[in-house]
Amino acid sequence: MRDAAALELHAADAAAAARPAMVAASDHYARLLQLCQTAANPGAGRAIHARAVKAGLLASAYLCNNLLSYYGETAGGAGGLRDARRLFDEIPLARRNVFTWNSLLSMFAKSGRLADARGVFAEMPERDAVSWTVMVVGLNRAGRFGEAIKTLLDMTADGFTPTQFTLTNVLSSCAVTQAGAVGRKVHSFVVKLGLGSCVPVANSVLNMYGKCGDAETASTVFERMPVRSVSSWNAMVSLNTHLGRMDLAESLFESMPDRSIVSWNAMIAGYNQNGLDAKALKLFSRMLHESSMAPDEFTITSVLSACANLGNVRIGKQVHAYILRTEMAYNSQVTNALISTYAKSGSVENARRIMDQSMETDLNVISFTALLEGYVKIGDMESAREMFGVMNNRDVVAWTAMIVGYEQNGRNDEAIDLFRSMITCGPEPNSYTLAAVLSVCASLACLDYGKQIHCRAIRSLLERSSSVSNAIITMYARSGSFPWARRMFDQVCWRKETITWTSMIVALAQHGQGEEAVGLFEEMLRAGVEPDRITYVGVLSACSHAGFVNEGKRYYDQIKNEHQIAPEMSHYACMVDLLARAGLFSEAQEFIRRMPVEPDAIAWGSLLSACRVHKNAELAELAAEKLLSIDPNNSGAYSAIANVYSACGRWSDAARIWKARKEKAVRKETGFSWTHIRSKIHVFGADDVVHPQRDAVYAMAARMWEEIKGAGFVPDLQSVLHDVDDELKEELLSRHSEKLAIAFGLISTPEKTTLRVMKNLRVCNDCHAAIKAISKVTDREIIVRDATRFHHFRDGLCSCKDYW
């Protein structure tokens, strides 16, 4: 017994003697692991782990905790996580402390394995502030901002005080989710804990209020900060740029004691995003001259965006040269910005070259759309469609850009077809898409299809959009359905938007409702809606069509005197038209003489058209000469002056004009008319021979011609500009395109149905008189839209009152 006791005592003495050596060894291995973390050397750390196992040192909780920490920091892959978890499971429960649990928790949270992190968090026998903070930080980094905020609230409910790291992360979550109410509670924690003077925390508070749009509180926090970092100033500059308060942003920027690249970027991007692109380029130039900081990809992207908006390809090329010279990395942002700049500036070849040289993964739908719009701008619709076809993820902007491109280039049928494809297999149309398609319907006068789009706008709640509601008004007006246009206007005029009132005034003017147009303009002024230059074009046009000379003169004086709008050529042309239509040729000539700019083709054309009506051959010769000097290929000028000569019986002069036009190879614009019946457009030319129902149309036209003559209609033979016998003149007149379109409408629609006919040129005198007679004989309302206005024929009368 004595020998056994002696042996046991000897063993205890030996263990006690060995314990300091083991502690020293484990401490040594722990320090080596810490060095491995700094050097991020996974291989060395694993070797140390193996040596520690062989040396039997894993009994040390301190070493085990360092091993877990090492795996968490440097071996975040699946293999490292498994090794760490295995190590954790091998540590006896008695040796696991809160640091051990936190190490494993942190490892899962940092690697984004939040489900595992939650499992560890739930298992923990005890938690400290670090445990809660690790969860908050992990959730915030993973973008699960709402859960991060809730975790903080649970943390405080559990009696733990948040650390500055907890608070900065939760404030970040509040900023992203714009959870201002929670953010204010977190701010109160900051104040209670005395962390208001801690710059990182104060910056987070500042950022939170800024992202939540509470500029006043953010300014108060900023003013009370005893110490401000560059980040503090940057937060305030960014806040004011986002709110469009560029004057305050400028003041703060100029007051900054120090600036970072973020400071310059915030201001340049602010200018760009607020439409001050010239200032953005000026500040960029100042940055290059005053600052030692090199632009980064964010600077370059904003500068290129400003160049694109201004169409300034010269500076865009200089920025491109800078990128090449400094060997700046071509990331996706820079590549897309370069493509947009070149495309929007009209240099589509350069844009295409950059696109072809780029990796497809670097390109986004914005750059493809920008290049597509570039092709549209130069009228190259085939290349635009090719670009549209190769896009992988076509969004609503790309579809809309293509539809708008077709519409702007007069390819209305293709615009409608593409919209139908979009409905079938594309994204949901937005307000801009519907506005574009409604514009197409207005151009084609497709009333039935326009009504379908209107219904779609109602169902999708897009009817409330200004662009859509105004497009609906225009569609109904240009399709000849004036009552529907007025009804739509009455629904939305309470918004008091200038464009809405202008759309209705222009519609009234085009439909010959001059008195109503002037009345609505006066109502607009009384309602406090400010007219713009287009509004005045509309009201002056209304006065011109209605013969309101004195009112037109008064409104012209108002443009500059009361609304400080500089008159433009469109206003001058309206005044020339107003005076000349009324036969006031001396005043019209005097007005032209006093114009501060040279009259354009529209002004001379208006004068020439009035000369035709009033048979003023002398002034017509001058107007035609001036018009042809501006536009030598204007066939309308030859037709108008020849028409004047013919009306005056000067057949030899008319023949001379036709001969001159032929010698100069000026092609006469072909007149045609179309009507939309049963979802199909039917087009007719004069003496048309290609329509499938030609025989029936001609038979109806001949019958109609005889009926109106029997009712007292006398053909206006002077409308024929050829010196042929009267019988042939009558035959030519009876087969004008609008008469054929009306004949087709009569055989294709039920009795008393309103007929709508569109014509690309002005209606001639004979057709105008004939259609009045047709409306009475057939008891139909016939609405004709010609190149300048609408004519509503009913019971032998026209809405223009024969003043057109």
> helices (runs of 4 or more DSSP H) wholly in the range 446-502 with at least 1 residues that are at pLDDT below 90 and small (Gly, Ala, Ser) - which ones?
Replying inline: 466-478
> Which ones in the range 387-396 are in a helix (DSSP H, G or I) and at pLDDT below 90?
Replying inline: MET387, GLY389, VAL390
> With respect to VAL397, is the statement that it is in contact with a Ser or Thr (Cβ under 7 Å, 6 or more places away or on another chain) and surrounded by fewer than 20 Cβ atoms within 10 Å (Cβ to Cβ) true?
Replying inline: yes
> Which one of ALA329, ALA343 is outside the structural domain of SER431 (by the TED database) and crowded, with 18+ Cβ neighbours inside 10 Å?
Replying inline: ALA343
> Can you tell me which of ASP600, ASP577, ASP532 is closer than 20 Å to ALA507 by Cα and assigned by the TED database to the domain that holds GLY636?
Replying inline: ASP577
> Could you list, in sequence order, the residues of the range 740-763 that are within 16 Å of ARG794 (Cα to Cα) and over 39 Å from the mean Cα position of the chain (by Cα)?
Replying inline: ILE742, GLY745, LEU746, GLU751, LYS752, THR753
>> Going by what's in this entry, would SER255 be described as outside the structural domain of GLY180 (by the TED database), surrounded by fewer than 22 Cβ atoms within 10 Å (Cβ to Cβ), farther than 23 Å from LYS279 by Cβ and free of Cβ contacts under 8 Å to residues at least 60 places away in the same chain?
In response: no
> Counting just the residues of the range 700-716 that are of a type in the set (A, V, I, L, M), crowded, with 16+ Cβ neighbours inside 10 Å and free of Cβ contacts under 8 Å to residues at least 60 places away in the same chain, which one comes out nearest to ALA647 (Cα to Cα)?
Replying inline: ALA701
>> If a residue counts only when it is within 21 Å of the chain's Cα centre (by Cα) and without any contact (Cβ under 8 Å) to a residue 40 or more places away in the chain, which helices (runs of 4 or more DSSP H) contained entirely in the range 273-364 have at least 3 such residues?
In response: 277-290, 297-310, 332-344
> Within the range 120-143, is there a residue that is under 30 Å from ALA249 (Cα atoms), in a helix (DSSP H, G or I) and either in contact (Cβ under 8 Å) with a residue 40 or more places away in the chain or not aliphatic (A, V, I, L, M) (or both)?
Replying inline: yes
> Can you list the helices (runs of 4 or more DSSP H) found entirely within the range 543-640 that contain at least 2 residues being hydroxyl-bearing (Ser, Thr, Tyr)?
Replying inline: 549-561, 569-581, 601-614
> Among the numbered criteria (1) touching a residue at least 12 places away in the same chain (Cβ under 8 Å); (2) within 29 Å of the chain's Cα centre (by Cα), which single criterion is violated by LEU248?
Replying inline: (1)
>> Just to check your reading of the model, which residue among ALA436, ALA415, ALA471, ALA445 is in contact with a Lys or Arg (Cβ under 7 Å, 6 or more places away or on another chain) and within 30 Å of GLN510 (Cβ to Cβ)?
In response: ALA445
>> Let me spell it out: the conditions are (1) of a type in the set (Lys, Arg); (2) crowded, with 17+ Cβ neighbours inside 10 Å; (3) free of Cβ contacts under 8 Å to residues at least 40 places away in the same chain, and ARG581 meets all of them except one. Which number is the exception?
In response: (3)
>> Can you pull out every residue in the range 483-492 that is in contact with a Ser or Thr (Cβ under 9 Å, 6 or more places away or on another chain) and open to solvent by less than 80 Å² (accessible area, probe 1.4 Å)?
In response: ALA485, MET488, PHE489, VAL492
> Restricting attention to the range 756-776, which residues are in contact with a Phe, Trp or Tyr (Cβ under 9 Å, 6 or more places away or on another chain) and not charged (D, E, K, R)?
Replying inline: VAL757, MET758, ASN760, LEU761, VAL763, HIS768, ALA769, ALA770, ILE771, ALA773, ILE774, SER775
>> I'm trying to understand the selection: among the residues of the range 121-143, which are of a type in the set (Gly, Ala, Ser) and farther than 12 Å from THR100 by Cβ?
In response: ALA122, ALA129, GLY138, ALA142, GLY143
> If you go through the range 250-261 one residue at a time, do you hit one that is out of contact with any His (no Cβ under 7 Å at 6 or more places or on another chain), modelled with pLDDT under 85 and among the charged types (D, E, K, R)?
Replying inline: no
>> Quick check on my filter: what residues within the range 641-665 are in a helix (DSSP H, G or I), hydrophobic (A, V, I, L, M, F, W, C) and open to solvent by less than 60 Å² (accessible area, probe 1.4 Å)?
In response: ILE641, ALA642, VAL644, ALA647, ALA654, ALA655, ILE657, TRP658, ALA660
> So LEU628 fits all but one of (1) in contact with a helix residue (DSSP H, G or I) (Cβ under 6 Å, 6 or more places away or on another chain); (2) over 22 Å from SER719 (Cβ atoms); (3) in contact (Cβ under 8 Å) with a residue 12 or more places away in the chain; what number is the exception?
Replying inline: (3)
>> Let me confirm something: among LEU139, LEU167, which residue is hydrophobic (A, V, I, L, M, F, W, C), in the same structural domain as THR217 (by the TED database) and farther than 24 Å from GLY196 by Cβ?
In response: LEU139
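The rows are residues; the columns are (1) aromatic (Phe, Trp, Tyr); (2) within 27 Å of THR151 (Cα to Cα); (3) open to solvent by 30 Å² or more (accessible area, probe 1.4 Å); (4) modelled with pLDDT under 85.
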| position | (1), (2), (3), (4) |
| --- | --- |
| CYS174 | no, yes, no, yes |
| GLN178 | no, yes, yes, yes |
| VAL186 | no, yes, no, yes |
| VAL190 | no, yes, no, yes |
| SER197 | no, yes, yes, yes |
| TYR209 | yes, yes, no, no |
| ALA235 | no, yes, no, no |
| GLY244 | no, no, yes, no |
| ASP247 | no, no, yes, no |
>> For the range 769-784, give me each residue that is open to solvent by less than 10 Å² (accessible area, probe 1.4 Å) and of a type in the set (S, T, N, Q).
In response: SER775
> Is the range 652-664 home to any residue that is aromatic (Phe, Trp, Tyr) and modelled with pLDDT of 80 or more?
Replying inline: no
>> Can you find, within the range 733-768, the residue that is farthest from CYS800 (Cα to Cα) among those that are in a helix (DSSP H, G or I) and open to solvent by 40 Å² or more (accessible area, probe 1.4 Å)?
In response: ILE747
> Residues of the range 407-444 being in contact with a Phe, Trp or Tyr (Cβ under 8 Å, 6 or more places away or on another chain) and in a loop (DSSP other than H, G, I, E, B), which ones?
Replying inline: GLY426, PRO427, PRO429
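The values are calculated or read from the model by the stated rules, or taken from the named source; none is laboratory data. Just so we're clear, the structure is a prediction, and the values are computed from it rather than from any experiment. Neighbour counts run over all protein chains shown; Cβ positions are idealised from the backbone, glycine included. Surface areas here come from the heavy atoms of the whole protein model, side chains and all, with no ligands, DNA or RNA. Shrake-Rupley method; radii C 1.70, N 1.55, O 1.52, S 1.80 Å.
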